[in-house]
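Visitor: Dropping the structure in here first, questions after.
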Amino acid sequence: MPPPSNDGILDVMSEAISSASNTSRGAAAWRPSISIVDHISVDDEGRALTEPLREDIRLLGGILGDMVREHSGTEVFDLVENARVAAFRIRRSEIDRDVLADMFTDLDIGVALPVIRAFTNFALLANLAEDIHRERRRTIHVRAGDPPQDSSLAATYAKLAAAGLTDEQVGRALADATVVPVITAHPTETRRRTIFEAQNRITELMRFRGRTELTADEDAEVTEGIRRQILTLWQTALIRLERLTIQDEIRSGLRYYDASFFDVVPKINTKVRAALRSAYPDAGLADDPMIRMGSWIGGDRDGNPYVTDEIVTMATTRAAETAVAHHLAELERLAEELSMSARLISSTDALLELADVSADDPAADEPFRAALRHIRSRLAATANTMFDTEFLSSSDLFLVDGRSPYGCADDLLGDLDIIDVALRDNHDDTIADDRLSRLRESVRTFGFNLSGLDMRQNSDMHEEVIAELLAWAGVHADYLSLGEADRVEILTKELAARRPLTRPDAALSDLATKELNIVRAAAGAVEKFGPQAVPNYVISMCTSVSDMLEPMILLKEAGLIDIDPESGKLMSTVRVVPLFETIEDLQQGAETLLAALDIPLYRDLVDGQSGMQEVMLGYSDSNKDGGYMAANWALYRGELDLVEAAKKAGIRLRLFHGRGGTVGRGGGPSYDAILAQPPGAVQGSLRITEQGEIIAAKYAEPVLAQRNLETLLAATIESSLLDVEGLGDDSECAYRDMDEIAALARSAYSGLVHETPGFVEYFTTSTPLSEIGALNIGSRPASRKQTEKISDLRAIPWVLSWTQSRVMLPGWYGTGSAFQQWVGEDEQRLETLSRYYADWPFFRTVMSNMAQVLAKSDMGLAHRYAQLVPDETLRDKVFGMIVDEHERTIEMYAKITGTDDLLTDNAALKRSVYNRFPYLEPLNMLQVELLRRFRAGEDSPAVRRGIQLTMNGLATALRNSG
């Protein structure tokens with residue numbers, strides 16, 4: 001399925017906004033008359049740079065086309081080819097969309113399914129080709145001796161050097177530098193492991209083919225290997241027949257460690273520490289890893305009834321098993337490599353003592369192997385105490401006999417340090433710096449727990465459970481009736497008392513029993529695997545001090561919070577993390593935090609945790625609540641307030657960014673997003689959620705993982721040490737302007753989403769929202785509870801629905817109206833916005849991310865989805881509002897930025913649009929057709945599967961869909 005040879009297709013972008021009229025048009029009468037090609041420009045140089053990418057796509061697409069013809073027949077192949085050609089002709093405005101729609105009207109489902117699979121597999125292969133092309137371009141820049149590119153650590157080091165920073169400044173800013181990507185259980189990524197592995201094999205073959213001078217026979221052999229993998233893809237089911245369980249999600253999240261994290265994370269931690277120490281030797285930087293891993297998979301029970309104590313135990317145990325298995329395997333490989341003989345080297349006393357062998361023992365001739373065998377025996381003994389006996393192989397069980405287990409990972413690290421010193425004493429630094437160095441860093445980074453599992457629950461659930469516990473204990477019969485002050489008084493008194501509220505035989509509701517069992521399972525994990533196994537407790541929808549104190553009662557009941565008998569102060573290794581999600585909660589977050597810190601008991605807890613308070617910011621619900629611009633500004637303002645509150649209270653602040661993959665949920669380039677944070681918001685530490693198809697896009701294999709982890713580190717270091725806001729003395733004025741613009745944007749957004757009668761009906765019928773619930777992409781329900789309110793809908797289906805229908809509403813709606821109203825006829829105000837775009841990273845990033853969404857939106861396709869709305873009057877009204885705002889937003893973007901090229905600052909996405917977006921057209925058209933049939937009563941398993949396959953294909957092709 002290669003693209004047509006006519007290079008003109010490369011100039012044709014995502015179609016169709018509407019005519020220039022500013023009046024609302026009915027959906028039934030509306031037709032696009034302006035192509036979005038007018039808003040994206042391509043020059044000859046840009047086309048030349050994409051030629052290797054297009055060659056790769058031609059190769060992969062051509063092989064896929066052969067598979068379609070050979071295994072699904074000429075009828076399917078011809079339909080795929082005709083649809084492909086028609087899609088490109090639509091982009092060139094040569095034919096109307098009706099031509100393509102007619103191809104699929106009443107198409108036999110047995111033919112439709114392989115057509116959908118063909119375009120979905122092409123999207124998957126195109127992703128692969130794009131990733132390889134990015135590597136290729138970076139290699140070309142490096143070989144040419146070009147300056148390092150922004151978002152690389154090399155570029156960051158150069159910026160730090162140019163800034164003339166002192167060792168003291170660097171040491172203070174990075175004293176406890178920590179960057180934690182948190183893998184979450186919100187997968188819009190639907191790929192099965194088999195697909196994942198086949199794609200990785202194709203990637204390696206394509207890399208080999210591109211980097212190696214091959215003979216004709218060798219090239220043919222590699223190409224045949226690619227054919228085999230694509231054939232495997234073609235004959236492998238793309239989606240699961242059963243819904244993904246939490247157990248599946250746990251296993252899926254862990255696969256990234258063997259795929260990339262074990263290889264890349266220790267390497268980056270070692271290199272960045274060495275580079276900073278070399279440049280700033282007196283900074284006093286610690287040995288602690290800068291990158292650590294986190295997870296929500298199995299601990300996040302907000303809206304997910306399937307998280308239980310058994311799941312928490314499984315998640316923490318499987319994670320620990322993964323870490324220990326890696327350490328055991330690396331010790332075995334290291335013993336194979338360190339074959340030095342005592343007849344040829346000298347041994348340190350510490351090494352011989354560690355080896356625990358007598359002088360006449362033959363093993364003494366290979367002291368490193370003997371020492372490593374001893375270490376491995378102790379680690380096997382450790383595993384034997386932690387896990388089921390089935391975890392260890394028979395050979396490992398043999399090692400356990402008589403060995404004492406390690407008390408903690410630091411003890412293992414201490415033994416490995418002895419090996420390191422002994423090697424360096426023999427001037428074997430080059431050997432010490434290889435596998436041993438990586439293993440030592442792995443133990444520092446992953447310990448015995450692998451990653452920290454965050455616990456999360458909604459504040460409403462805490463309130464209900466605590467009310468029951470207080471009533472059962474006779475503390476207060478009706479806690480829910482109390483005001484905030486009375487609640488705080490009762491909670492603080494209970495936290496100050498060592499006695500528990502319940503006992504094991506207490507007759508409690510299912511909810512209370514379940515919640516208590518979950519936190520007790522978390523306590524068990526901490527006891528077995530160490531405090532880093534469960535480091536944080538996140539409170540969703542946190543609106544008050546009592547919301548912060550209520551889960552502390554649960555933690556105290558489980559023993560995770562205790563009272564120091566000498567000082568009477570609370571102590572815990574688990575941080576309490578309020579999550580501020582709605583715009584109002586973000587605006588009041590600093591006030592809530594200060595009020596909590598004013599309570600001596602809570603302040604003592606924070607002081608006992610190195611004076612560090614973590615706060616999580618919700619990007620998804622704030623966007624759903626108030627729209628794109630209002631949410632982004634509420635987050636920025638909220639961070640400014642939190643930074644000021646932390647200074648006032650004399651604590652350190654760490655922000656946890658709950659970003660999704662799509663722009664409507666805080667997505668977009670990570671480097672730009674971090675640099676766009678307000679002054680003081682990063683301070684060397686950052687946690688950030690990674691979810692959906694973004695996880696695979698960033699971390700599926702080592703090259704991708706290294707690039708993306710370096711990006712997070714680079715941005716964090718720059719934000720901590722450099723002045724990146726760029727506003728200077730204009731900041732307060734800029735903040736006031738954005739206050740006004742955000743209020744206007746929220747009003748425009750609310751006018752559609754919250755105030756237009758029938759909007760919920762329009763949304764649910766014009767998008768595949770109800771069908772998303774049947775897509776086997778995750779374990780949690782689409783809504784927190786049974787309701788038709790937008791506020792109760794989870795953010796993923798909200799965003800995914802608009803993305804599938806190509807409206808992309810959460811990423812732009814309301815912004816055009818806000819800019820237009822704020823500017824009015826005042827050219828000076830327009831110039832002000834243009835200056836902000838040039839000088840202010842926050843504003844530039846907001847505009848850039850919005851432009852990316854607009855480039856992926858398509859009102860022509862959205863019009864097809866609108867036809868699914870039965871109520872014609874409602875359809876015309878709402879769709880007309882959407883189209884008008886879409887035009888208005890593009891128009892204001894061009895005025896502010898000085899360019900009507902939506903992708904002027906994103907060459908990678910521009911290449912993607914050139915080479916791939918026309919292939920989305922058939923998937924959207926087939927989805928509309930199948931939705932129409934399904935809702936008309938054709939409820940067959942094949943039609944359901946077809947709808948799910950189109951969702952999978954579009955999510956794959958758009959790459960950041962949920």
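The values are calculated or read from the model by the stated rules, or taken from the named source; none is laboratory data. Fair warning: this is a prediction, and the values are worked out from it, not measured in the lab. When we count neighbours, we look across all protein chains shown, and the Cβ atoms used for this are built from the backbone with ideal geometry, even at glycine.
Visitor: Take the residues in the range 424-433 that are assigned to a helix (DSSP H, G or I) and touching a residue at least 60 places away in the same chain (Cβ under 8 Å); name whichever of them is nearest to V264 (Cα to Cα).
Guide: Once the filter is applied, the top-ranked residue is I431.
Visitor: Still on this structure: Could you tell me which residue of the range 251-300 is nearest to the chain's Cα centre (by Cα), considering only residues that are of a type in the set (D, E) and part of a loop (DSSP other than H, G, I, E, B)?
Guide: Per the stated criteria, the residue is D288.
Visitor: Can you name every residue in the range 377-392 that is closer than 30 Å to A342 by Cβ and either of a type in the set (S, T, Y) or more than 35 Å from the chain's Cα centre (by Cα) (or both)?
Guide: S377, R378, A381, T382 - these are the residues of the range 377-392 that are closer than 30 Å to A342 by Cβ and either of a type in the set (S, T, Y) or more than 35 Å from the chain's Cα centre (by Cα) (or both).
Visitor: Take A521 and decide whether it is within 24 Å of R318 (Cα to Cα), aliphatic (A, V, I, L, M), in a helix (DSSP H, G or I) and in contact with a helix residue (DSSP H, G or I) (Cβ under 7 Å, 6 or more places away or on another chain).
Guide: yes
Visitor: Just checking, which of L399, L423, L436 is within 23 Å of F387 (Cα to Cα) and either modelled with pLDDT under 95 or surrounded by 14 or more Cβ atoms within 10 Å (Cβ to Cβ) (or both)?
Guide: L399
Visitor: Restricting to the range 305-315, name every residue that is surrounded by 24 or more Cβ atoms within 10 Å (Cβ to Cβ) and either in a loop (DSSP other than H, G, I, E, B) or in contact with a Phe, Trp or Tyr (Cβ under 6 Å, 6 or more places away or on another chain) (or both).
Guide: Matches in the range 305-315: V307 only.
Visitor: Let me spell it out: the conditions are (1) within 30 Å of T322 (Cα to Cα); (2) crowded, with 19+ Cβ neighbours inside 10 Å, and V488 meets all of them except one. Which number is the exception?
Guide: With respect to (1) within 30 Å of T322 (Cα to Cα); (2) crowded, with 19+ Cβ neighbours inside 10 Å, V488 is out only on (1).
Visitor: Let me ask another. Pick out, from the range 852-941, the helices (runs of 4 or more DSSP H) lying fully within it that include 2 or more residues that are at pLDDT 95 or above and within 31 Å of the chain's Cα centre (by Cα).
Guide: Once the helices (runs of 4 or more DSSP H) in the range 852-941 are filtered for at least 2 residues that are at pLDDT 95 or above and within 31 Å of the chain's Cα centre (by Cα), what remains is 859-866, 872-897, 920-935.
Visitor: Moving on to the next point. Return the residues of the range 684-699 that are assigned to a loop (DSSP other than H, G, I, E, B) and crowded, with 24+ Cβ neighbours inside 10 Å; say none if nothing qualifies.
Guide: Q691, G692
Visitor: If you don't mind, another one. Going through E494, E515 one at a time, which residue ends up being surrounded by 17 or more Cβ atoms within 10 Å (Cβ to Cβ) and over 31 Å from the mean Cα position of the chain (by Cα)?
Guide: That would be E494, the only listed residue that is surrounded by 17 or more Cβ atoms within 10 Å (Cβ to Cβ) and over 31 Å from the mean Cα position of the chain (by Cα).
Visitor: What number of residues in the range 736-763 are touching a helix residue (DSSP H, G or I) at 6+ places or on another chain (Cβ under 7 Å), farther than 13 Å from I882 by Cα and part of a helix (DSSP H, G or I)?
Guide: Residues that pass the stated criteria total 10.
Visitor: Inspect all residues belonging to the range 96-103 and state whether any of them is farther than 19 Å from Q235 by Cβ, modelled with pLDDT under 95, over 37 Å from the mean Cα position of the chain (by Cα) and not in a helix (DSSP H, G or I).
Guide: Taking every residue of the range 96-103 in turn, at least one turns out to be farther than 19 Å from Q235 by Cβ, modelled with pLDDT under 95, over 37 Å from the mean Cα position of the chain (by Cα) and not in a helix (DSSP H, G or I).
Visitor: When you look at S33, is it loosely packed, with under 14 Cβ neighbours inside 10 Å, at pLDDT below 95 and over 26 Å from E135 (Cβ atoms), yes or no?
Guide: Yes: the conditions hold for S33.
Each row is one residue, and each column tells you yes or no for (1) surrounded by fewer than 21 Cβ atoms within 10 Å (Cβ to Cβ); (2) within 27 Å of P405 (Cβ to Cβ); (3) touching a Lys or Arg at 6+ places or on another chain (Cβ under 6 Å).
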{"position": "G452", "(1), (2), (3)": "no, yes, no"}
{"position": "E463", "(1), (2), (3)": "yes, no, no"}
{"position": "F529", "(1), (2), (3)": "no, yes, no"}
{"position": "S546", "(1), (2), (3)": "no, no, yes"}
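Visitor: Now for a separate question. Are there any pairs with C-beta distances below 8 angstrom linking a residue in the range 475-488 that is at pLDDT 95 or above to a residue that is surrounded by 10 or more Cβ atoms within 10 Å (Cβ to Cβ) and aromatic (F, W, Y), with the two at least 6 apart or on different chains, and if so which?
Guide: Pairs that qualify, where the first residue is at pLDDT 95 or above and the partner is surrounded by 10 or more Cβ atoms within 10 Å (Cβ to Cβ) and aromatic (F, W, Y), are R487/Y479.
Visitor: I'd like to check something: does the range 203-211 contain any residue that is at pLDDT below 90, more than 17 Å from D258 (Cβ to Cβ), touching a Pro at 6+ places or on another chain (Cβ under 9 Å) and surrounded by fewer than 18 Cβ atoms within 10 Å (Cβ to Cβ)?
Guide: Yes - at least one qualifying residue is present in the range 203-211.
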